[in-house]
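The structure appears right after this line, and notes come after that.
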Amino acid sequence: MQDSGHLASVSPGAISAYQNLTTWSFGELPELLEIPQGRQKLIGFPALVDQGSYCDIEVFDDPTEATRIHLKGLRRLFAIQLKEQLKYLEKNIPGLQQMGMQFVGLGTQEELRDQIIQAGLTRACLQAPLPLNQGEFNKRRDEGKSRLNLLVNEIARLVEQILAEHHGLPKKLQGIKTHAATHADISAQLQMLIHKRFVSDTEHNQLAHFPRYLKAVQVRIDKLRTDPARDTRLMADWQQAAAPWQRAVKAGQRDTKLDEYRWLLEELRVSLFAQELRTPMPVSVKRLKKVWESLQR
């Protein structure tokens, strides 16, 4: 591989070194890579591509897409290297059967198990900054290996807590069907929080707040029965802060700032409907409006 500045070039004879990878055996990963494909040469952002039992290195035009694909590929490479340990974990996740029963309307026990293990692998091996060469990869693999069982068990306990909190909510929701607007609002909230891929698709530090969000829904339903007018008023307040975010999402906008705002909206629900559960930071409709304005600059 020749390196000129941040662009590296792969000769046609060396391309096999970038295919069928089961460990990091290809030197440093450059910022830009030129690789032969047939008679053409492709230049782009390199990424490890998950091919199941191995990875290939391919190039992509969009750096964001390359990063997203590379994370999955890198996780696969670690998984291949830690295969024996993952096999053990597949059979030894605490409380999996019970969780599988509570997950049944969303997906299978195996799908849940795989998500818990993937989340453990991500926390054990994929923390920033990501490895850029063989030495860094091997070091991360060895460090991750020693923490993996502990992290998977920790995630399993959290998921168990989340599913237990969620379990009784559909039934509770049935009981407030006459309050159509609140019923629709809570249903939409739950669908966004607890879905088939919620363990994989949510960062761990955010997932840790889910039990509280779900408790807040239960508190809200209990309070609704004694004071429906209050719920209607608070829902209108929440909607003021949520409307611009909902419009942006509907228009297809996606970025980390919007994600952060989404979690602030979740905290606002706790603050409005279940104050006694507390929020990690002060949130109010007024504060969120200011945050939204700052995002537009």
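Just so it is clear, none of the values below were taken in a lab; they were calculated from the coordinates. What you are looking at is a predicted structure, and each value in this text was computed from that prediction instead of being measured. Counting neighbours? That spans all protein chains shown, and the Cβs are built from the backbone with ideal geometry, glycine included.
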*Using Cα pairs under 8 angstrom and six or more residues apart, how large is the relative contact order of the range 82-167, in percent?*
41
*Taking amide H positions as placed in the peptide plane 1.01 Å from N, state which residues far from Glu58 in sequence (5 or more) or on other chains have amide H under 5 Å from it.*
Ala47, Val49
*asked:* Let's see if you can work this out: charge +1 on each Lys and Arg Cβ, -1 on each Asp and Glu Cβ, no other charges. What is the dipole magnitude of the chain about its Cα centre, in debye to the nearest 20?
replied: 1160
*Going by the alpha-carbon gyration tensor, a ≥ b ≥ c the square roots of its eigenvalues, is the range 1-69 rounded (a/c under 1.5) or, if a/c is not under 1.5, prolate (a/b greater than b/c) versus oblate?*
rounded
*Out-of-range pairs (alpha-carbon distance over 29 Å; input Lys72/Lys250; Lys41/Lys72; Lys83/Lys196; Lys215/Lys286; Lys41/Lys196; Lys177/Lys215)*: Lys41/Lys196
*Calculated from backbone phi, Karplus (6.51, -1.76, 1.60) coupling profile of the range 191-204 in Hz, x at Gly/Pro*: 5, 6, 7, 10, 9, 3, 10, 5, 6, 5, 7, 10, 5, 4
*Given only helices, namely DSSP H runs of n ≥ 4 each adding -39500 (n - 2.57), what is the per-residue ellipticity at 222 nm of the chain, to the nearest 500 deg cm²/dmol?*
-20000 deg cm²/dmol
